[in-house]
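What follows is a short report on a single structure.
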Amino acid sequence: MKLVILGAPGAGKGTQAGLLADRLGIPTISTGNLLRAAMQQGTDLGKQVKEAMDAGKLVSDELIIQLVKERLGQEDCKDGYLLDGFPRTLAQAKALSGFAKIDGALSIEVSDSEIEHRMEGRRICSKCQATYHVEDNPPKVEGICDKCGGQLVIRKDDTHDVVENRLHIYHEETEPVKEYYRQEGLLLAVRGQKKLADTTQLVFDALGISL
Ligand code: ADP
Ligand code: ZN
């Protein structure tokens, strides 16, 4: 299955994608994580995108399309994948249609005020990028990743002003992508719930997969 996961920043795309990926045995391709890894490694790509990312702005379509195209061409993607954080603009969606046949686009719908609350509590593993929330999805030991023992940190772009900026960009640039998939007959919308597990249930139901 080749699936696009849509939703505002902080809607829980990454978490749900991770659960689906485990269940389906296919990889999650997260453009945010690919870019953060490039930044940490200090590659040319990482240097090019740092400024935009720290400000919560979008990286150029050209760069991101090339990155995703290359990633989807790798061996582990041949039986399917989940795309988390891509496409984020209409141009990206159209480009994707040119090199991949997507089976569906799952949109996780969450209000702006709920998003703001969530971002403040979000923590991410500095080693493996797993995400947590101090209230909704806490790690077993405070500040430590359950999966790899890495330190949990607050992302630079999860601060209040940057969150506002990212929400604005989401409404302007990414909502048209939802419309695009609706017109293609590929859109599945699910309302994000307070409890992570409740959203997961709705997501699996919408896709016709048992938990
Ligand atoms: P979130 O899902 O929390 O909004 P991501 O981790 O997906 O955040 O992305 C973080 C940042 O990476 C974005 O704010 C943007 O700067 C950059 N980025 C990720 N994916 C894309 C994309 N498809 N197009 C442009 N920029 C992107
Ligand atoms: Zn970890």
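The values are calculated or read from the model by the stated rules, or taken from the named source; none is laboratory data. Everything numeric here is computed off the predicted structure, so don't read it as measured data. Quick reminder, even Gly has a Cβ in these numbers, built from the backbone with ideal geometry, and neighbours come from all protein chains shown. Just so you know, the surface numbers come from the protein's heavy atoms only, side chains and all, with ligands and any DNA or RNA stripped out. Shrake-Rupley method; radii C 1.70, N 1.55, O 1.52, S 1.80 Å.
Loop-resident trypsin sites (Lys or Arg not before Pro) (DSSP state other than H, G, I, E or B) in the stretch 1-106 with no more than 16 further Cβ atoms inside 10 Å of their Cβ: 57, 78, 101. Look at the alpha carbon pairs under 8 Å that are at least 6 residues apart: their mean separation over the length of the chain gives a relative contact order of 28 percent. Apolar share of the accessible surface for the stretch 76-124: 47 percent from carbon plus sulfur atoms, 1.4 Å probe.
The stretch between residue 140 and residue 116 holds 6.2 nm of extra length on full extension. This uses 0.36 nm per residue minus the Cα-Cα distance. Using the 1.4 Å probe convention, the accessible area of the chain works out to 51 Å² per residue with neighbouring protein chains retained. With +1 assigned to the C-beta of every Lys and Arg and -1 to the C-beta of every Asp and Glu, and no other charges, what is the dipole magnitude of the chain about the Cα centre in debye, to the nearest 20? Here the chain has a charge dipole of around 480 debye. Farthest toward the positive end of the dipole of the chain, out of 168, 74, 126, is the Cα of 74, where the dipole comes from beta carbon charges about the Cα centre. A Gaussian network model of the chain, with springs between Cα atoms under 10 Å, assigns the largest mean-square fluctuation among 191, 166, 118 to 191. Summarising the strand pairing of the chain, around 30 percent of its internal DSSP beta bridges are antiparallel.
Here's the list of lysines a cross-link from residue 194 could span, going by alpha-carbon distance under 17 Å and ignoring same-chain residues fewer than 8 apart: 13.
Remark on residue 109: its backbone amide H falls under 5 Å from those of 190, 191, 192, a criterion applied only to residues 5 or more positions apart or on other chains, H modelled at 1.01 Å from N. Inter-part distance, the stretch 134-211 to the stretch 1-60, computed on C-alpha centroids, equals 11 Å. Sparse packing (at most 12 other Cβ atoms within 10 Å of the Cβ) combined with a DSSP loop state is found for the following GluC sites (Glu not before Pro) in the stretch 139-211: 142. With helices as the sole contributors, the chain gives -14000 deg cm²/dmol at 222 nm; each DSSP H run of n ≥ 4 counts as -39500 (n - 2.57), and the sum is divided by every residue.
Remark: the residue 191-residue 55 segment gains 46.2 nm on full extension, using 0.36 nm per residue and subtracting the alpha carbon distance. When the Gaussian network model of the chain links Cα atoms closer than 10 Å, the mean-square fluctuations of 16, 66, 193 top out at 66. Of the residues 113, 21, 9, the one whose Cα sits farthest toward the positive end of the charge dipole of the stretch 1-121, with +1 on the Cβ of Lys and Arg and -1 on the Cβ of Asp and Glu, is 21.
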